[in-house]
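Q: My structure is below; once you've seen it, I'll send some questions.
The values are calculated or read from the model by the stated rules, or taken from the named source; none is laboratory data. Predicted model, so just to flag it, every value in this text is computed and none were measured. Using ideal geometry, Cβ is built from the backbone for each residue, glycine included, and neighbour counts are taken over all protein chains shown.
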Ligand code: URA
């Protein structure tokens, strides 16, 4: 077999055979198929698509490029959540210990932020001492101790995807539903979870800007999960405005801890409880209701054990940025809209995110929102506080917020409901 034959087949809109898919993924992982050949194939797939059989086989081949984790030694079911990413999306932090407190194990491999969306590992690394890199044995020990573990994926997990995702990032081939779905699901299936809930974000601050494309991505991933024996459900949720009141690493950890203490913003609490119920139902675990586990302190106990088992000090003071500035309401009325992308871009410019994989993030940088869409505001009232280590960052962050919010008579009727749709197998 050779790469040109496979590229031409997809260029001519033909279906790729199982042996062609197996060969091209394996040969690319080994370095026999060159980056320029794989980028031509990725572009042909982006333009001409793949059917369900091809996507399933592609995903399978990426899983087989590395190791598949196995949690069968555990005495309770495993369940996990994956979010396609957004602004202020700290849900994983309270969710994993909450679900553990309700009786399932949560083995979660997470990522870092790139661009305007945050990453779970960056958030947790703002906790002094906390370690993202664990061996499989350490993961198992944390799971047994706390019921939940959140850590970085090792090099052995879907290495074909690691290589291909980096290539897609620089060749304009990220936005392909078959490639996104197979990339996400190969990692989640290789992670070995028995059940999976997908939080597919929709809106300006998300990958998927419109509901129809998000629904197609969700359907493709739910089908892939079902085909690989992982009980998978997807929720389509709003990312046209930020989630909660905190955007930025340490600020989001603080908000997650508020939720675990029984408080926190209503949208974060609602989505956390809803996703927890979905994760438990997908795993077939019935017992304590997640809303009760937030109130009785058991979710907080699981959080403290999970953070401590990974070297973190749950009582340590979190990093704070040295400088702040406040944005005030230009008039009185109702905050009609607050654009997720604008806020995410501003937080990124304040130092909360990274432009290149090797960049460091500022743990204290970010934005605290004092009003959310639908809230009444008075002229001169503070709408948000910007946090940065260096005051020279404020001008560019303020420029990102220009036009990102509007004050009117009522909330914009075009705002999406928090939960837009639910996709099942
Ligand atoms: N996240 C992934 O892991 N892969 C993609 O292709 C897109 C988002």
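Q: Determine whether segment 94-107 contains at least one residue that is touching a strand residue (DSSP E or B) at 6+ places or on another chain (Cβ under 8 Å) and more than 30 Å from residue 75 (Cβ to Cβ).
A: no
Q: Looking for whichever is touching a strand residue (DSSP E or B) at 6+ places or on another chain (Cβ under 7 Å), closer than 15 Å to residue 100 by Cβ and assigned by TED's automatic domain parsing to the domain that holds residue 130 here; the options are 256, 299, 283, 276. Which one fits?
A: 283
Q: So, of the residues in segment 191-207 that are crowded, with 24+ Cβ neighbours inside 10 Å and within 12 Å of the ligand (Cβ to nearest atom), which turns out to be modelled with the lowest pLDDT?
A: The selected residue is 206.
Q: Follow-up question, since we're still on this one. Conditions first: (1) at pLDDT below 95; (2) surrounded by 15 or more Cβ atoms within 10 Å (Cβ to Cβ). Residue 404 passes all but one, so which condition is the exception?
A: Of (1) at pLDDT below 95; (2) surrounded by 15 or more Cβ atoms within 10 Å (Cβ to Cβ), only one is false for residue 404: (1).
Q: In segment 52-75, is there at least one residue being within 14 Å of the ligand (Cβ to nearest atom), under 19 Å from residue 149 (Cα atoms) and touching a helix residue (DSSP H, G or I) at 6+ places or on another chain (Cβ under 8 Å)?
A: There is no residue in segment 52-75 that is within 14 Å of the ligand (Cβ to nearest atom), under 19 Å from residue 149 (Cα atoms) and touching a helix residue (DSSP H, G or I) at 6+ places or on another chain (Cβ under 8 Å).
Q: Same structure, new question: Counting residues that are in the same structural domain as residue 186 (by TED's automatic domain parsing) and surrounded by 24 or more Cβ atoms within 10 Å (Cβ to Cβ), which helices (runs of 4 or more DSSP H) fully inside segment 10-116 reach at least 2?
A: Answer list for segment 10-116: 92-101.
Q: Inspect segment 360-382 for any residue being in contact with a helix residue (DSSP H, G or I) (Cβ under 7 Å, 6 or more places away or on another chain) and modelled with pLDDT under 95 and give the result as yes or no.
A: Yes; the residues of segment 360-382 include at least one that is in contact with a helix residue (DSSP H, G or I) (Cβ under 7 Å, 6 or more places away or on another chain) and modelled with pLDDT under 95.
Q: Find all pairs meeting these conditions: Cβ atoms under 7 angstrom apart; at least six residues apart or on different chains; first residue within segment 166-184 and free of Cβ contacts under 8 Å to residues at least 40 places away in the same chain; second residue within 8 Å of the ligand (Cβ to nearest atom) and in a helix (DSSP H, G or I).
A: 174/168
Q: Hey, another quick one. Every residue in segment 403-415 that is in a loop (DSSP other than H, G, I, E, B) and closer than 19 Å to residue 378 by Cα, please.
A: Listed by number, the residues that qualify are 403, 404, 409, 410, 411, 412.
Q: I'm told residue 188 meets every condition in (1) more than 16 Å from residue 45 (Cβ to Cβ); (2) within 12 Å of the ligand (Cβ to nearest atom); (3) assigned to a loop (DSSP other than H, G, I, E, B) except one. Can you identify the failing condition by its number?
A: Here residue 188 meets the rest and fails (3).
Q: Take the residues of segment 143-175 that are buried (at least 21 other Cβ atoms within 10 Å of the Cβ) and assigned to a helix (DSSP H, G or I): which is farthest from the ligand (Cβ to nearest atom)?
A: 146
Q: Is it the case that residue 424 is at pLDDT 95 or above and under 21 Å from residue 251 (Cβ atoms)?
A: No: the conditions fail for residue 424.
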